[in-house]
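In what follows, a structure is listed as structure tokens, so that the remarks can point back to it.
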Amino acid sequence: MKIGLDVMGGDFAPGAVIGGAILALKELPSSDRIVLIGPGEVISAHLSDAGISPDLFDIVHAPDVIGMSEHPTKALSRKPASTIGVGFNMLKHKQLDAFAGAGNSGAMLVGSIFSVNSIQGIIRPATPAFVPQENGGISVLIDVGTNPDARPDAMQQFALLGSLFASHVLKIENPRVGLLNIGEEEEKGNLTAQAVYHLLKGWEEINFIGNVEGRDLLRNKADVVVCDGFTGNIVLKSIESMYRIMAKRKLLDDYFSRFNYENYGGTPILGINGIVIMGHGISNDIAIKNMILMGRDIYESRLVAKIKHSLVDIAGKTNMASAL
């Protein structure tokens, strides 16, 4: 596996990014390569300061950087030699198996869609987040910001993407899929939620268990929780805020310590023809390391191929049903 890393992405780049790459190197087999993408002289200087041989990495020179506040589409067009631009160009031409970065999230999303493209049949790619459960497990919340105005048929696909991710990457057997709503009853929620419920109910591609209320998010009721990106982003940032307040007040225990974003590193963009991992802007070296390892896990699971295979199966069943 070759995973590209945007060395200049994130608030603490390049130091934290290169530090995370060094940490990840210790947990990867020698057959895997981390490709450091950024200003060559900066990368060499940091590796030298850390006493690490540059031969342990592949280094690709990319002199430009897309800032956090820059318009994603315009920046990618104007800065083809940026770290993100070079990374996506390499991913597009199969020079990388995965690309990860903690920089401009909009540019990472736009680059994903316009370089490697969405998988045929996917309405909109989606991004999941990880929610620790009080029983020690973990659930997937999808979508958490990519699609604030998602259509019901797109949210139906979120359920499939989340279920496949939970099954093949997180190794959850027959993951339970719930729909985030304001009540458990089938008729609850706004028109979108009601429409999504009817699409998921009885759908044999997933193990749908019905509606899940906000109070059940941490109580191991579902392994995958589906929502639109507007709702998911609010939930995710509320959880992040809760963790920061508890950490500041020194109220963390073993369970609440699992809400630390460093544990997960980043989140994949699901539904595209490649592996792209987006990291938190404040990622430190531990988060970067875990972001790289997440890319490795997705690569080894062959998730992209399994999503494609699942969509082909669904299309085939739909065609058979139409013929009958």
Separation in nanometres of the label points that stand 7 Å from Cα toward Cβ, at Met246 and Met68: 2.5
Cα-based helix-to-principal-axis angle, 15-25 vs the chain, degrees rounded to 10: 80
Length added when fully stretched, Ser30-Lys317, from 0.36 nm per residue minus Cα-Cα: 99.0 nm
Sequence-separation-based contact order of region 64-109, relative, with Cα cut under 8 Å and 6+ spacing, percent: 47
Lysine-lysine proximity count for region 197-305, Cα under 21 Å, sequence distance 8 or more or distinct chains: 4
Euclidean distance between Cα centres, region 35-103 to region 201-266, Å: 31
Residues with amide H under 5 Å from that of Ile272, placed H, sequence gap 5 or more: Ile119
Helix 40-49 vs. the chain, principal-axis angle (Cα, 0 to 90°, nearest 10): 80
Region 117-136 versus region 163-177: alpha-carbon centroid distance in Å: 11
Largest-first principal axis extents of the Cα set of region 12-66 (Å): 31, 20, 19
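Computed FRET efficiency, Cβ-Cβ of Glu186 and Leu218, R0 25 Å: what is it to the nearest 0.05?
0.60
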Mean separation of Cα contacts under 8 Å, 6 or more apart, over the residue count of the chain: relative contact order %: 22
Tail fraction, Cα-Cα pairs, region 80-192, threshold 17 Å, whole percent: 64
FRET E, pair Ser238, Gln120, Förster distance 56 Å, beta-carbon r, rounded to 0.05: 0.95
Carbon plus sulfur fraction of accessible area for region 178-324, probe 1.4 Å, in percent: 54
Region 26-149 - accessible surface per residue (Å², probe 1.4 Å): 45
Amide H within-cut-off set for Arg176, under 5 Å, with H built and near neighbours excluded: Asp223, Val224
In Å², nearest 10: area of Thr127 left accessible to a 1.4 Å probe: 10
Relative contact order, percent, region 198-324 [alpha-carbon distance under 8 Å, six or more residues apart]: 14
222 nm mean residue ellipticity, helices alone, for the chain (DSSP H n ≥ 4; -39,500 (n - 2.57); rounded to 500): -12500 deg cm²/dmol
Burial order of peptide ranges 229-238, 33-42 (average beta-carbon count within 10 Å, highest first): 33-42, 229-238
Alpha-carbon Debye profile of the chain, log10 I(q)/I(0) at 0.07, 0.12, 0.15 Å⁻¹: -0.28, -0.82, -1.22
Met291 accessible area, assembled protein chains, probe 1.4 Å, Å²: 0
Using alpha-carbon coordinates, inclination of helix 303-323 to the longest axis of the chain, degrees: 30
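How about region 84-181: which chymotrypsin sites (Phe, Trp or Tyr not before Pro) there lie in a loop by DSSP and see at most 11 other Cβ atoms within 10 Å?
Values: sites: Phe88, Phe99, Phe114, Phe130, Phe158, Phe165; in loops: none.
Answer in residue order: no site qualifies.
The values are calculated or read from the model by the stated rules, or taken from the named source; none is laboratory data. Here the structure is a predicted model, which is why all the values come from computation and not from measurement. Note that each Cβ is placed from the backbone with ideal geometry, even for glycine, and that neighbours are counted across all protein chains shown. Side chains included, ligands, DNA and RNA excluded: accessible areas come from the protein's heavy atoms. Shrake-Rupley method; radii C 1.70, N 1.55, O 1.52, S 1.80 Å.
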